[in-house]
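One structure below.
The values are calculated or read from the model by the stated rules, or taken from the named source; none is laboratory data. Owing to the predicted nature of the structure, the values given are computational and were not obtained by experimental measurement. Glycine also receives a Cβ, built like all others from the backbone with ideal geometry; neighbour counts cover every protein chain displayed.
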Amino acid sequence: MANATLVALRLEGVLQSWGDHAKWDIRDSGDFPSKSGVVGLLACAMGLERGDPAITALSDRITMAVRADRPGTRMLDFHTVQGRPRLHTAEGMRTQDKSTIVSNRWYLQDASFLVLIETDESLRSRICAALKRPKWPIYLGRKSCVPSRPVLEGITTDYQDLMDGLRRYPVEGSATELPYECEILQETDAVYDRTDLLLPGERAFALRKVCRGVITREVRNVSDQA
C-alpha cells in the first residue's frame, strides 16, 4: 500500500490558546489545538475573510492529527473589559451597566505540537504556498499568540497514514510519553467529542469525534555508552 502524503506543521510559541468552550468572560484552552483553530490559521495564511464559505470547505477537506511533543503549562491571564454596550457574562446575562467586568483567559505556555494534515493534492499545494507567504499574520489560537518558528515543516511521504506519522515523526524535545489526538478513530483509544467542527455561518460549530492516546518512546541514555 502506498504511503500517505501529509503536510507537517509545527505549532510552537511562548503562548498558545485553543478554546474548547470559550464564552464571554471565561476563555479556556484545550490541551490540543482545535480543528477550527488550525483551519483559522490556514485561512489567515490564504487571506480568506471571516464568514467565507471557502473556510468551511477547507475544514471539510482536511483530516488532521495532533501530537503534543511539549504539552506546555497552563497560565491564567487576568483581563478587565468595559462594556460598550453592556456585556454578556458566562451565564448569558447582560451586565446591569457599562461597568468593568473581569475576563479570565487561559493559555498554554511553552508548548510544542506536531500537526499532520491529509488532504487532496490541490489543497495541499495551496496550504503550503500560503504558509510560505501568508497574506495575513498567522497566530496560535489567539491573535496575541505568535509562532516562535515557521509553522510549515513540509510535505512528507514517509508514513503509511496519520497514526503512523504520529508514532514515527521526529520528536521535538526529550519527552518519553507523547499525548495525541487523531480524527482517524482507533479501537484501542478513548473517543471524545470536541465542539470545533466548523459549520456554514459565522462562529457556528458541531461536534467532532477524535481518539486520544499516548505514544511511549524509548530514549537512549548516552551516559551509558562506552
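Structure data summary
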| read-out | value |
| --- | --- |
| Ala226, sole failed condition from (1) modelled with pLDDT under 90; (2) under 23 Å from the mean Cα position of the chain (by Cα); (3) loosely packed, with under 13 Cβ neighbours inside 10 Å | (2) |
| Some residue of segment 101-108 being in a helix (DSSP H, G or I) and surrounded by fewer than 20 Cβ atoms within 10 Å (Cβ to Cβ) | no |
| Whichever residue in segment 113-128 is in a strand (DSSP E or B) and touching a Ser or Thr at 6+ places or on another chain (Cβ under 9 Å) and, among such residues, is surrounded by the most Cβ atoms within 10 Å (Cβ to Cβ) | Leu116 |
| Pair list, Cβ < 8 Å and 6+ apart or interchain, from segment 171-196 residues that are more than 14 Å from Val66 (Cβ to Cβ) to residues that are at pLDDT below 85 | Ser174/Val219; Thr176/Glu218; Thr176/Val219; Thr195/Asp20; Thr195/His21; Thr195/Phe205 |
| Test result for Leu42, buried (at least 19 other Cβ atoms within 10 Å of the Cβ) and farther than 21 Å from Cys128 by Cβ | no |
| Selection count where residues are within 25 Å of Leu166 (Cα to Cα), outside any helix (DSSP H, G or I) and either modelled with pLDDT of 95 or more or of a type outside the set (Ser, Thr, Tyr) (or both), scope segment 23-72 | 15 |
| Matching entry among Leu152, Leu166, Leu162, Leu131 (being within 30 Å of Leu76 (Cβ to Cβ) and crowded, with 17+ Cβ neighbours inside 10 Å) | Leu166 |
| Candidate set from segment 169-216 (those that are closer than 28 Å to Gly13 by Cβ, loosely packed, with under 12 Cβ neighbours inside 10 Å and of a type in the set (D, E, K, R)); member that is modelled with the highest pLDDT | Glu177 |
| In segment 139-168, the residues that are touching a residue at least 24 places away in the same chain (Cβ under 8 Å), farther than 17 Å from Arg212 by Cα, outside any strand (DSSP E or B) and not aliphatic (A, V, I, L, M) | Tyr139, Gly141, Arg142, Ser144, Cys145, Pro147, Ser148, Arg149, Pro150, Gln160 |
